[in-house]
Amino acid sequence: MRAAKTIALALLGLALLWSTPSIGDADGWYKWQVDERSATLYILKKDDKPNRIRVFTEECQPWGNTARGVSGEVTDMGTMSLEDSVTMLLDIAKSDDLGMDVREDALFWLAQSNSDDAYAYINQILFES
């Protein structure tokens with residue numbers, strides 16, 4: 001359960017990718033460490049939009065230097081706060097112009113984040129729609 005919460009928090013950071021913090025301009029994989037969570041978030045940017053989300057924790061590390069499902073060069077973005085990570089994931093989940101798969105991934109990780117903002121959004125889509 002602890003690992004799932006860490007992973008969820010990391011993914012939340014990815015959803016917030018399009019609001020406060022920004023990822024690089026080029027297509028490709030980007031990763032960052034969610035501060036104090038021992039989780040690493042990976043986002044694949046394709047055609048200038050998030051396309052895939054992967055999260056790995058201390059308990060669930062990728063083999064070797066590559067993460068499962070992550071191929072090619074990865075741009076390391078350093079460390080990002082949990083709040084910024086959640087903001088990116090929320091932006092991804094709310095974006096109508098992104099594929100359903102990446103939006104579902106963002107929602108899944110938002111639910112794992114223990115963030116009040118994430119739960120408020122999930123509550124809104126479940127009960128106010």
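Summary table below
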item	result
Sole residue being open to solvent by 50 Å² or more (accessible area, probe 1.4 Å), under 19 Å from residue 104 (Cα atoms) and modelled with pLDDT under 85, chosen from 37, 68, 52	68
Test result for residue 84, open to solvent by less than 100 Å² (accessible area, probe 1.4 Å), within 18 Å of residue 31 (Cα to Cα) and of a type in the set (D, E, K, R)	yes
Subset of region 102-122 (residues that are free of Cβ contacts under 8 Å to residues at least 12 places away in the same chain and open to solvent by 70 Å² or more (accessible area, probe 1.4 Å))	104, 116, 119
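The values are calculated or read from the model by the stated rules, or taken from the named source; none is laboratory data. Remember, predicted model here, so these are calculated numbers, not experimental data. Quick reminder, even Gly has a Cβ in these numbers, built from the backbone with ideal geometry, and neighbours come from all protein chains shown. Calculation scope for accessible area: heavy atoms of the full protein, side chains included, ligands and nucleic acids excluded. Shrake-Rupley method; radii C 1.70, N 1.55, O 1.52, S 1.80 Å.
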